[in-house]
Amino acid sequence: MRSRAALLPPAAFALMVALALPGCRDKSAAPAQAASDYPIRPVPFTDVTLTDAFWSPRLETNRTVSVPYALRMNEETGRIDNFRKAARLMSGPHQGRRFNDSDVYKAMEAAAYTLRLHPDAALDKTLDDLIALIAQAQEPDGYLFTTRTNDPAHPAPGSGPERWTNLRVSHELYNVGHMYEAAVAHFQATGKRTFLAIAEKNAALLLRTFGAGPGRRRGFPGHQEIEIGLAKLYRATGRRDYLDLAKFFLDERGHYFGGERHAPEDPFAVYDSDEYMQNHKPVLEQDEAVGHAVRAMYMYSGMADVAALGGYPEYVAAIDRLWLDVAGKKQYLTGGVGARSGSEAFGEAYELPNAEAYTETCAAIGNALWNYRLFLLHGESKYMDVFERVLYNGLLSGAALSGDRFFYQNPLESAGGYGRSPWFEVACCPPNMTRFLPSLPGYVYATKDDVVFVNLFIAGTGKITLAGRTVVLTQKTRYPWDGAVKLTVAPDGAGPLELAVRIPGWARGEAMPTGLYTFLDASEEEPGLKINGEPVALEMRDGYARLRRDWRAGDTVELTLPMPVRWIVANDGVAEDRGRAAIQRGPLVYAVEGVDNADRVFDLILPDGAPLGVEFRPDAASPSSPGPPSSSLRTPPERPSRPLDRSWPCLTMPGPTAAPARCSSGCPARPPRRGRPGSST
């Protein structure tokens, strides 16, 4: 019998934010509707209340621990002092990197989302005080880059000698892109225009500075983000020139170098690579994902926004080609992207090493952000399948259950000595996680005309407005441990309505939409649907079960998604995965960890067809995740398994002793301490 060593990723993780944040629409101060937009609209996250045993404790920890922690760490590490120095409220050199301003903005954005969901006078005042400080740090013409304002003659390395002279490296535009996102979030959360006014003052400077006309400066950002921020600013204000500027920055790529050059030994030499920052071709000609993975994900998301809001189908065609390359050749089983640790970048086709994988948390966040936009463009479930894979495997492990420890990179294999950290010198990932989690309710439902898309299975209630009607949907489920989902429908009146319920690819025999990963074994179990207790056939279109009828208050939909334990293998082009398999149940990929297996995971061999089962164990319930007992995977009854020492569902595999494996969602970073690269994780 052939054998495969189990390749089981421990914990990889990641945004974030959708669109203008999924469904982050302010009903009290909405601008005129955009002439063009995404054909599918997210239901505002403020209209969805989660009561989920898996997610609600995590969101509460984010609110009570992670958001205050991010604000405190920005203070303790001197990031907020940089604004005080720029405002001439204190003296001293700039602290840290040139892009440290962005970490303050991301933490403020997270705080604004939290404030919108949970009014908090103290947090509201904290934000008001920070906004007042930022206004003082902003120069009279709108320029905002603390390291240059504080000491124009000696800004942080990489900033360039003068404004805009080294955009490939400086992060001047990257920083304010995050500021725009935070300002819009604050405006939507509070109705106050104080932060939005700072953002618009800066954007006015950019409009006066950049462009193709006489007296304007040509240029593009080395790190994409300004494009997303400008699109959000356009949504909040209705000013089309903001969106046009986002398109300008995208269209400038691929035509010229646009910055300083560096000696090979210079630490900034990586910025001389056009591939690194996706400047090797015009964006409309790109068909392969290259370079820094976070930059790429943010650029593709910005392209989607420009395409939808501006009505540019050629941009849609470009990102569709790029998606086929990423999802088909360059994405890990956890949804992580970015294979090369040296440059945090994509590799060649099928270059997906395990121990050397970088898979930055921010890149996974970006992958989720991009795939959600593609769903809003196309309405196909394959994009939400990738989103879900990232959400439960490549994203969640980016933050510990405690809410104050984080992963930056997420290798799929480790020989030890790697764990979550309280903070980083380059601290982009912690506040990115912190701003993503409050937005999660906005990804559950979406609408188009009289169709409601049910994208994620999370217990709670959504108030959905469409086609002049209001419908309340209530979900009950123990997902991801259990595949039973019950929806109760309560429309405000009679009339036809279509529910489009996503049937995940993993429940339809499809491990990955592109075939990069496939199930080794077949499953005879199929999804099932009932309406008011009566079985109905699945009428599938674009990966969704379509249920059109005259719904009445109290009608129910019961979805059953079988969750057998499945073996997954990679395309044979992935050299490091040949002869190896991963184990998945439902949306969760499992990891073998040394802490559970006497440090012997690197020589673990599982025969094809090794029997694996499932049991629910009340004794494994987590204090931080109250509710139904967690599931565990087990061997047949004659092979006893040892008691679980944590709340996570555990996989026990045949062998001389039971060998548990944890799902990557929340896995502690406790990899084995020895072994050969590529054998297991």
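The values are calculated or read from the model by the stated rules, or taken from the named source; none is laboratory data. Computed from a predicted structure; not experimentally measured. Here the Cβ positions follow ideal geometry from the backbone for every residue, glycine too, while neighbour counts run over all protein chains shown. Areas reflect the complete protein model, heavy atoms only, side chains present, ligands, DNA and RNA absent. Shrake-Rupley method; radii C 1.70, N 1.55, O 1.52, S 1.80 Å.
Overview of results
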item: Estimated vicinal HN-Hα couplings, Hz - the range 262-269 in sequence order (Karplus 6.51, -1.76, 1.60; Gly, Pro = x); result: 10, 5, x, 7, 5, x, 8, 4
item: Projected-area mean, the range 227-282, by convex hull of Cα positions, square nanometres; result: 4.5 nm²
item: Alpha carbon centroid spacing (whole Å) that separates the range 287-348 from the range 527-597; result: 25 Å
item: Stokes-Einstein D (µm²/s) once Rh is taken as the Kirkwood radius of the range 295-338 over alpha-carbon pairs, at 20 °C in 1.002 mPa s; result: 194 µm²/s
item: Using a Förster distance of 22 Å, the FRET efficiency for D287-E380 (Cβ separation, nearest 0.05); result: 0.65
item: For the range 504-594, convex hull volume per residue from C-alpha positions, Å³; result: 122 Å³
item: Cα Rg over Rh - the range 96-209, Kirkwood; result: 0.99
item: Binned Cα-Cα distance frequencies in the range 276-434 - 10 Å width, integer %; result: 12, 41, 34, 12, 1
item: Shape box of the range 420-489 [Cα atoms, principal axes, largest first, Å]; result: 49, 30, 14
item: Student exercise, the range 137-211 dipole from Lys, Arg, Asp, Glu Cβ charges, in Debye to nearest 20; result: 140 debye
item: Chymotrypsin sites (Phe, Trp or Tyr not before Pro) restricted to DSSP loop in the range 424-486 with at most 16 other C-beta within 10 Å; result: F424
item: Calculated from backbone phi, Karplus (6.51, -1.76, 1.60) coupling profile of the range 526-542 in Hz, x at Gly/Pro; result: 10, x, x, 9, 10, 10, 6, x, 9, x, 10, 6, 7, 9, 9, 8, 6
item: Shape parameters for the range 464-548, alpha-carbon atoms, Rg then Dmax in Å; result: 15.3, 48
item: Residue-averaged [θ]222 nm for the chain, counting only DSSP H segments that reach four residues, each worth -39500 (n - 2.57); result: -9000 deg cm²/dmol
item: Normalised alpha carbon radius of gyration of the range 303-369 [divisor 2.2 N^0.38 Å]; result: 1.22
item: For P422, net neighbour charge (Lys/Arg +1, Asp/Glu -1) across residues whose Cβ lies under 10 Å away; result: +1
item: Environment charge of G398, counting only residues whose C-beta is closer than 11 Å and scoring Lys/Arg +1, Asp/Glu -1; result: +1
item: Kirkwood-type radius of the range 48-162, with distances r between different C-alpha atoms, in Å; result: 15.4 Å
item: Percentage of interatomic Cα-Cα distances in the range 367-435 larger than 17 Å; result: 51 percent
item: Per residue convex hull volume, Cα atoms of the chain, in Å³; result: 148 Å³
item: Charge dipole magnitude, Cβ of K and R +1, D and E -1 - the range 393-517, Cα centre, debye nearest 20; result: 240 debye
item: Label zone at R541 (point 7 Å along Cα-to-Cβ), backbone N below 18 Å, the range 450-469; result: 450-455, 467
item: Low-density loop positions, GluC sites (Glu not before Pro), the range 158-229 - DSSP coil, at most 13 other Cβ in 10 Å; result: E162
item: Dimensionless Rg over Rh [the range 229-359; C-alpha; Kirkwood]; result: 1.00
item: 15 Å beta-carbon shell around K486, net charge (K/R +1, D/E -1); result: -2
item: Dipole of the range 113-153, positive direction: furthest Cα of Q136, L117, T146, with charges on the beta-carbon; result: L117
item: Karplus-derived 3J(HN,Hα), 6.51/-1.76/1.60, for each residue of the range 302-313, Hz, glycine and proline x; result: x, 4, 5, 4, 5, 4, 6, 6, x, x, 10, x
item: Stretch gain in nm, segment A494-F257, where the contour uses 0.36 nm per residue and the Cα spacing is subtracted; result: 79.3 nm
item: L497 accessible area, assembled protein chains, probe 1.4 Å, Å²; result: 0 Å²
item: Among the listed pairs K125/K232; K448/K476; K125/K201; K281/K448; K106/K232; K382/K476, those beyond 26 Å (Cα-Cα); result: K281/K448
